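*Asks:* Okay, handing you the structure first.
The values are calculated or read from the model by the stated rules, or taken from the named source; none is laboratory data. What you are looking at is a predicted structure, and each value in this text was computed from that prediction instead of being measured. When we count neighbours, we look across all protein chains shown, and the Cβ atoms used for this are built from the backbone with ideal geometry, even at glycine.
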Amino acid sequence: MFERRAPRVFALPPGVDFPAALVDGLHARMKDRPPEAMARVTLFVNSDRTAKGIRAAFDAGPPALLPRIRLVTDLADPTMRARLTPPVPPLRRRLELTALVARLLQTEPGLAPRAALFDLSDSLATLMEEMHTEGVDPGRVARLDVSDQSGHWQRALRFIRIVQVFFDADSDPDRAAHARRALMARLEAWADAPPADPVIVAGSTGSRGTTHALMRAVARLPQGAVILPGFDRALPQKVWGGFDDPLTGEDHPQYRLGRLLAELGLEARDVLPWTAAQAPAPERNAVISLALRPAPVTYQWMAEGPTLPPLPQAMASVTLLEAPAPRHEALAIALRLRQAAEDGTRAALVTPDRTLTRQVTAVLQRWSIVPDDSAGRPAQMTAPGRFLRHVAQLFTEPLSAEVLLTLLKHPLCHETGRGPHLLNTRDLELHLRKKAWAYPNAPALRAWGEAEMRAGWTDWLTRCFCDLEDPASRPLAEHVDRHVALAEAIAAGPTGSGAGALWDRAAGRTLLRIVEELRAEAPHGTDMTARDYAALFGALVSREEVPEVDPTHPGIRILGPLEVRAAPADLMILAGLNEGSWPEVPGADPWLNRAMRAEARLLLPERRIGLSAHDFQIAAAAPEIWLTRSTKSDDAETVPSRWLNRLSNLLSGLPSRDGPAALDQMKARGKHWLALARAAEEPLQAPAAHRPSPAPPVAARPAQLSVTEIKRLVRDPYAIYAKHVLRLRPLDPLMRPPDALLRGILLHEILETVVRDARDANRPVTADDLDAAARAILSDPANLPFPSVQLLWRARVSRIADWFAETEADRRAIARPAHFEAQGKAQIPELGFTLTGTADRIDIDERGGAHVYDYKTGQAPTEKQQRHFDKQLLLEAAMIERGAFENLSPDHVARALFISLSPSDPKEVPAPLEDAPPDTVWAEFTALIAAYADPTKGYTARRALLSDADAGDYDHLARFGEWDVTDTATPEPLP
């Protein structure tokens with residue numbers, strides 16, 4: 001096949017259909033040879049996608065036998081594989097490392113926290129695989145010069161030393177070590193008997209040590225050759241010759257190719273074209289090549305920039321889209337992909353930003369376009385992945401209402417008999433909200449089930465969900481068995497069998513494979529707690545992808561940057577071009593810094609950036625390209641990708657070649673699509689709502705209100721209309737927060753308990769009484785299931801305990817506590833209206849006078865507020881004088897006051913009975929109710945709130961925001 005002497009290196013330019021051009025070159029070189037000669041060719045390719053593309057190109061014709069196509073990571077043929085020790089599964093090696101790290105942390109807990117166990121093990125496994133790939137043993141790493149950072153290094157060395165056992169000659173290899181051993185065996189075999197048939201390595205840049213060594217060896221074989229992808233022939237020789245220092249040059253897209261040529265003793269001009277295929281946009285390629293020169297580049301731009309072709313012509317098929325937010329970027333991309341689908345244009349979205357690709361996919365669903373996403377979906381985000389992670393959490397903490405309902409509502413829970421199950425779940429949720437059971441328990445759930453005649457369902461419920469928290473350390477195999485058994489029982493439901501639909505469909509089969517692999521390798525793990533197991537399981541499913549099985553659009557693809565080498569397209573959308581996204585920020589290395597990595601001959605962070613740059617250069621060579629980014633992300637400014645920044649600076653600095661005009665045209669094309677995106681999201685014009693003031697028929701209006709609701713009737717009548725006329729109620733919170741309402745309820749209970757006990761024992765109230773009652777009531781999880789809040793609220797009680805005891809003595813000297821939580825009811829017969837109320841406490845003095853008290857956990861209303869708005873105590877006084885409370889018939893109301901229990905300023909605030917005597921208050925109240933008995937009187941929204949910032953439960957129903965409090969409300973009669 002090859003006549004030129006070794007070493008042989010060929011290349012294809014950026015933008016060329018690599019698999020098709022590779023096959024064309026093979027056909028051209030084999031046209032005069034017998035058909036079976038093609039079958040003796042061995043192709044080592046960089047990825048499965050490249051292999052798939054090569055097979056597709058052969059299928060397209062002309063008829064020919066297929067060569068042997070293998071991956072560069074699969075170097076062992078069947079004979080060699082039989083001689084080599086098979087590789088251990090990656091999960092087994094990570095579990096073994098987890099056990100070693102756990103043992104080390106147990107003996108030396110100061111090295112790292114237990115919470116970092118799996119992160120350390122995973123990072124150590126990655127480092128070990130890299131050392132195998134690059135041919136670096138732990139001894140070389142241990143001998144590094146670390147005189148300036150010995151403290152950190154000594155800690156890191158403790159961990160690195162424990163992997164030495166995996167580098168021994170008789171150790172079971174992982175995949176990286178197996179690949180290294182297979183390479184060594186193959187190179188030895190080739191040294192003894194070089195293959196006479198063609199051997200070609202195609203599509204790889206040699207970024208990994210094993211692959212790099214293979215490419216060097218193949219290039220020197222008698223019939224061996226290397227075919228480089230995306231070779232930049234516009235790069236001058238002075239740049240090729242400058243790739244000496246990896247610390248300064250490895251982030252250049254052609255660095256790896258340059259290093260390979262240097263090690264083979266070749267120059268760029270020695271690299272021959274594999275075929276005569278030309279780049280789709282050679283002029284643009286020259287611009288991109290100059291923009292990506294290694295820094296410093298300014299003098300090269302100034303020297304070579306004027307030789308570029310006219311830039312508006314070179315960049316005519318480039319669109320630069322700078323969106324204000326990722327959502328706008330995704331929408332504009334989706335619109336362009338939709339047009340490509342309608343036009344029959346092959347289009348590909350290329351980005352490492354998986355969040356952005358999911359946003360684009362979601363928008364495309366509007367038009368029933370399902371792109372061919374090579375990455376699939378993360379397993380942890382699939383239905384079975386979420387379900388299994390939730391089930392694993394059941395063993396780590398007490399059952400909460402939130403966790404319980406999350407699983408009960410999951411589509412995989414009790415899929416058979418789903419209707420009755422959802423009905424039971426809905427009724428249980430309403431009960432949990434009503435009773436504020438933040439942490440439901442088995443007895444309470446069983447009692448509810450028996451009362452509702454759902455004992456069978458609640459028996460299954462308590463069996464599968466209650467009392468599962470387990471702090472003990474157990475073998476990994478036991479955790480897996482318990483986890484899977486419980487998940488299958490929940491999925492099957494009380495009337496089902498097996499595992500329900502848990503393991504069905506593609507996602508279920510993927511999760512089943514993960515679980516079975518974990519079960520098989522569990523004996524190699526260590527004992528762990530349920531929390532450790534949940535973290536381990538979450539880490540495992542986060543690494544897996546579930547391939548798309550739904551029919552996809554044949555012309556719309558979503559690719560990772562590495563895949564552009566083997567996936568040509570007429571339109572390439574290079575998205576997410578921000579620093580930290582593309583190129584991605586290299587992760588923090590807890591073991592070695594850049595200088596130490598360079599000395600140890602390990603991969604530098606810049607190598608990943610260089611590979612991303614090479615992928616960018618290839619993708620940017622398509623016939624038409626989009627370069628997109630968002631200027632903001634999560635309300636923070638973003639930084640343009642270094643490649644986009646260089647390209648913009650290059651164009652801006654070449655006015656002689658109309659560079660600024662070319663850049664403006666690129667941006668103008670992007671603005672056009674952003675305008676289309678804004679138009680696509682433009683809401684339909686609708687008139688703003690008026691300030692509501694509904695006037696329902698008198699018969700529909702409330703005939704009964706409580707004294708606490710009168711304040712709302714005065715300040716926000718619309719809330720009374722929504723609650724009593726429309727009969728709408730805010731949904732109780734699932735997990736009642738420890739808010740002011742709950743604090744008030746519990747503080748009322750504490751004070752009532754203390755005052756009642758002291759009265760019955762005929763002794764004064766003491767501060768110790770309050771502390772003891774607070775401890776008993778607040779420490780009860782049924783009342784307050786939040787330990788930290790229990791301590792805070794007990795401290796609040798302690799701060800007012802002395803003040804309350806002192807002032808209670810004064811109150812007891814005046815009157816004796818007689819009634820607690822007294823309920824009363826007063827009527828206005830002529831209006832058919834009833835006022836109800838519950839007085840926190842009523843004391844009776846020796847003259848038969850009533851002393852009415854109301855506890856406030858915060859600030860009490862001022863006398864002025866009570867006179868005009870907050871009439872609770874004044875109305876209760878009027879009700880007492882009208883005999884509204886049973887078993888209570890005092891001669892008069894002696895006084896009424898609020899007891900404000902604010903820790904910063906506890907005090908008594910009296911009601912203005914002299915300025916607003918009970919008879920006057922009742923007359924005013926009667927007039928208020930009579931006004932709302934007028935059918936033309938409307939319930940105006942937010943009529944007189946204390947502050948415009950006050951929020952109401954029904955503001956959204958009133959469409960507040962489309963109007964404000966300065967708008968005039970016109971009553972609207974309702975039929």
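*Asks:* Might you check whether a residue that is surrounded by fewer than 18 Cβ atoms within 10 Å (Cβ to Cβ), in contact (Cβ under 8 Å) with a residue 24 or more places away in the chain and under 22 Å from S497 (Cβ atoms) occurs anywhere in region 384-404?
*Replies:* Scanning region 384-404 turns up no residue that is surrounded by fewer than 18 Cβ atoms within 10 Å (Cβ to Cβ), in contact (Cβ under 8 Å) with a residue 24 or more places away in the chain and under 22 Å from S497 (Cβ atoms).
Yes or no, residue by residue, for (1) out of contact with any Pro (no Cβ under 7 Å at 6 or more places or on another chain); (2) of a type outside the set (V, I, T); (3) buried (at least 17 other Cβ atoms within 10 Å of the Cβ); (4) not assigned by TED's automatic domain parsing to the domain that holds W582:
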position	(1), (2), (3), (4)
W643	yes, yes, yes, no
R646	yes, yes, yes, no
G659	yes, yes, yes, no
P697	no, yes, no, yes
S706	yes, yes, no, yes
R727	yes, yes, no, yes
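*Asks:* Okay, next question. If you check A489 against the conditions, is it outside any helix (DSSP H, G or I), closer than 21 Å to P384 by Cα and of a type in the set (A, V, I, L, M)? Step through it out loud before you land on a result.
*Replies:* Working: outside any helix (DSSP H, G or I): no; closer than 21 Å to P384 by Cα: yes; of a type in the set (A, V, I, L, M): yes.
No: the conditions fail for A489.
*Asks:* If R796 satisfies every condition in (1) out of contact with any Pro (no Cβ under 6 Å at 6 or more places or on another chain); (2) closer than 24 Å to D739 by Cα but one, which is the exception?
*Replies:* R796 satisfies all of (1) out of contact with any Pro (no Cβ under 6 Å at 6 or more places or on another chain); (2) closer than 24 Å to D739 by Cα except (1).
*Asks:* Residues in region 193-203 that are at negative phi, touching a Lys or Arg at 6+ places or on another chain (Cβ under 6 Å) and crowded, with 22+ Cβ neighbours inside 10 Å: how many? Break it down into steps so the answer makes sense when it comes.
*Replies:* Of the residues in region 193-203, the ones at negative phi are 193-202.
Next, only the ones that are touching a Lys or Arg at 6+ places or on another chain (Cβ under 6 Å) stay: 197.
Subsequent filtering for residues that are crowded, with 22+ Cβ neighbours inside 10 Å retains none.
Total satisfying the criteria: 0.
*Asks:* Quick one: which residue in W437, W448 is of a type in the set (F, W, Y) and without any contact (Cβ under 8 Å) to a residue 24 or more places away in the chain? Full working, then the answer.
*Replies:* Working: W437 fails: without any contact (Cβ under 8 Å) to a residue 24 or more places away in the chain.
The match here is W448.
*Asks:* A further question follows. Condition first: within 25 Å of E304 (Cβ to Cβ), in contact (Cβ under 8 Å) with a residue 60 or more places away in the chain and either assigned to a strand (DSSP E or B) or not polar (S, T, N, Q) (or both). Now tell me which residues in region 261-281 satisfy that. Talk me through it step by step, then tell me what you get.
*Replies:* Our first condition is that a residue be within 25 Å of E304 (Cβ to Cβ); within region 261-281, this holds for 261-262, 266-273, 278-281.
Checking which are in contact (Cβ under 8 Å) with a residue 60 or more places away in the chain leaves us with 261, 266, 270-273, 278-281.
Hits for region 261-281 are L261, L266, D270, V271, L272, P273, A279, P280, A281.
*Asks:* Condition check: in contact (Cβ under 8 Å) with a residue 24 or more places away in the chain and crowded, with 20+ Cβ neighbours inside 10 Å. Does G206 satisfy that?
*Replies:* Details: in contact (Cβ under 8 Å) with a residue 24 or more places away in the chain: yes; crowded, with 20+ Cβ neighbours inside 10 Å: yes.
So G206 fits the description; yes.
*Asks:* Another question about this same structure. Which of the residues spanning region 651-661 are assigned to a helix (DSSP H, G or I) and either touching a Lys or Arg at 6+ places or on another chain (Cβ under 9 Å) or touching a residue at least 24 places away in the same chain (Cβ under 8 Å) (or both)?
*Replies:* At the first step, the residues of region 651-661 found to be assigned to a helix (DSSP H, G or I) are 651-652, 655-657, 659-661.
Answer for region 651-661, where residues must be assigned to a helix (DSSP H, G or I) and either touching a Lys or Arg at 6+ places or on another chain (Cβ under 9 Å) or touching a residue at least 24 places away in the same chain (Cβ under 8 Å) (or both): L651, S656, R657, G659, A661.
*Asks:* Just checking, which of L512, L536 is surrounded by 21 or more Cβ atoms within 10 Å (Cβ to Cβ), of a type in the set (A, V, I, L, M, F, W, C) and within 30 Å of P87 (Cα to Cα)? Let's see the steps before the verdict.
*Replies:* On the way: L512 fails: surrounded by 21 or more Cβ atoms within 10 Å (Cβ to Cβ).
So the residue among L512, L536 that is surrounded by 21 or more Cβ atoms within 10 Å (Cβ to Cβ), of a type in the set (A, V, I, L, M, F, W, C) and within 30 Å of P87 (Cα to Cα) is L536.
*Asks:* Yes or no: T107 hydroxyl-bearing (S, T, Y), within 24 Å of H524 (Cα to Cα) and either buried (at least 20 other Cβ atoms within 10 Å of the Cβ) or without any contact (Cβ under 8 Å) to a residue 40 or more places away in the chain (or both)?
*Replies:* Numbers: hydroxyl-bearing (S, T, Y): yes; within 24 Å of H524 (Cα to Cα): yes; either buried (at least 20 other Cβ atoms within 10 Å of the Cβ) or without any contact (Cβ under 8 Å) to a residue 40 or more places away in the chain (or both): yes.
Taking the combined requirement at face value, the residue satisfies it.
*Asks:* Here's a follow-up. Of all residues in region 607-649 being out of contact with any Leu (no Cβ under 7 Å at 6 or more places or on another chain) and polar (S, T, N, Q), which is nearest to D17 (Cα to Cα)?
*Replies:* Applying the filter and picking the extreme gives S612.
*Asks:* Scan (1) touching a residue at least 40 places away in the same chain (Cβ under 8 Å); (2) on the phi < 0 side of the Ramachandran plot for the single condition D168 breaks and write down its number.
*Replies:* Single failed check for D168: (1).
*Asks:* Go through region 217-236 residue by residue and tally those that are within 29 Å of E584 (Cα to Cα) and either part of a helix (DSSP H, G or I) or polar (S, T, N, Q) (or both).
*Replies:* Of region 217-236, the ones within 29 Å of E584 (Cα to Cα) are 226-236.
Going one step further and asking which of them are either part of a helix (DSSP H, G or I) or polar (S, T, N, Q) (or both), we end up with none.
Summing the residues that are within 29 Å of E584 (Cα to Cα) and either part of a helix (DSSP H, G or I) or polar (S, T, N, Q) (or both) in region 217-236 gives 0.
*Asks:* Answer with yes or no whether R841 is touching a Phe, Trp or Tyr at 6+ places or on another chain (Cβ under 7 Å) and either modelled with pLDDT of 95 or more or among the charged types (D, E, K, R) (or both).
*Replies:* Details: touching a Phe, Trp or Tyr at 6+ places or on another chain (Cβ under 7 Å): yes; either modelled with pLDDT of 95 or more or among the charged types (D, E, K, R) (or both): yes.
Yes: the conditions hold for R841.
*Asks:* Still on this structure, I have one more. For residues in region 224-263 being closer than 24 Å to E579 by Cβ and β-branched (V, I, T), which is surrounded by the most Cβ atoms within 10 Å (Cβ to Cβ)?
*Replies:* V239
*Asks:* Given D17, D74, which one is surrounded by 15 or more Cβ atoms within 10 Å (Cβ to Cβ) and acidic (D, E)?
*Replies:* On inspection, the qualifying residue turns out to be D17.
*Asks:* Check whether at least one residue in region 415-434 is modelled with pLDDT under 90, buried (at least 16 other Cβ atoms within 10 Å of the Cβ) and not polar (S, T, N, Q), and report yes or no.
*Replies:* Yes, because at least one residue in region 415-434 is modelled with pLDDT under 90, buried (at least 16 other Cβ atoms within 10 Å of the Cβ) and not polar (S, T, N, Q).
*Asks:* Could you please find all residues in region 662-691 being assigned to a helix (DSSP H, G or I), without any contact (Cβ under 8 Å) to a residue 24 or more places away in the chain and among the hydrophobic types (A, V, I, L, M, F, W, C)?
*Replies:* Hits for region 662-691 are A668, A675, A679.
*Asks:* Identify all residues within region 925-943 that are on the phi < 0 side of the Ramachandran plot and either assigned to a loop (DSSP other than H, G, I, E, B) or basic (K, R) (or both); write none if there are none. So that I can check it myself, show each step before the final result.
*Replies:* Our first condition is that a residue be on the phi < 0 side of the Ramachandran plot; within region 925-943, this holds for 925-941, 943.
Scanning region 925-943 gives Y932, A933, D934, P935, T936, K937, G938, Y939, T940, A941, R943.
*Asks:* Would you mind stating whether G493 is out of contact with any Pro (no Cβ under 7 Å at 6 or more places or on another chain), under 30 Å from E517 (Cα atoms) and touching a residue at least 40 places away in the same chain (Cβ under 8 Å)?
*Replies:* yes
*Asks:* Kindly indicate the residue of region 607-635 that is touching a Pro at 6+ places or on another chain (Cβ under 7 Å) and among the charged types (D, E, K, R) and also surrounded by the fewest Cβ atoms within 10 Å (Cβ to Cβ) among those meeting that condition.
*Replies:* My answer is K632.
*Asks:* Of all the residues that make up region 876-927, how many are over 24 Å from E808 (Cα atoms), among the aliphatic types (A, V, I, L, M) and crowded, with 19+ Cβ neighbours inside 10 Å?
*Replies:* Counting residues in region 876-927 that are over 24 Å from E808 (Cα atoms), among the aliphatic types (A, V, I, L, M) and crowded, with 19+ Cβ neighbours inside 10 Å gives 5.
*Asks:* So E516 fits all but one of (1) among the charged types (D, E, K, R); (2) touching a residue at least 12 places away in the same chain (Cβ under 8 Å); (3) more than 24 Å from N441 (Cβ to Cβ); what number is the exception?
*Replies:* Unmet for E516, out of (1) among the charged types (D, E, K, R); (2) touching a residue at least 12 places away in the same chain (Cβ under 8 Å); (3) more than 24 Å from N441 (Cβ to Cβ): (2).
*Asks:* For region 818-832, how many residues meet the condition of being in contact (Cβ under 8 Å) with a residue 24 or more places away in the chain and part of a strand (DSSP E or B)?
*Replies:* First pass over region 818-832, keeping only residues in contact (Cβ under 8 Å) with a residue 24 or more places away in the chain: 818-826, 828, 831-832.
Applying the additional criterion that residues be part of a strand (DSSP E or B) yields 818-826, 828.
Qualifying residue count, region 818-832: 10.
*Asks:* Just the residues that are surrounded by fewer than 17 Cβ atoms within 10 Å (Cβ to Cβ), of a type in the set (A, V, I, L, M, F, W, C) and modelled with pLDDT of 90 or more, please, taken from region 768-802.
*Replies:* Passing the criteria: A772, A776, V789, L791, L792, A795.
*Asks:* Has region 254-265 got any residue that is touching a Leu at 6+ places or on another chain (Cβ under 7 Å) and under 30 Å from A219 (Cα atoms)?
*Replies:* yes
*Asks:* Could you tell me how many of the residues in region 573-605 are in a helix (DSSP H, G or I) and out of contact with any helix residue (DSSP H, G or I) (no Cβ under 7 Å at 6 or more places or on another chain)?
*Replies:* To start, the set of residues in region 573-605 that are in a helix (DSSP H, G or I) comprises 594-600, 605.
With the extra rule that they be out of contact with any helix residue (DSSP H, G or I) (no Cβ under 7 Å at 6 or more places or on another chain), the set shrinks to 595-597, 599.
The number of residues fulfilling the criteria is 4.
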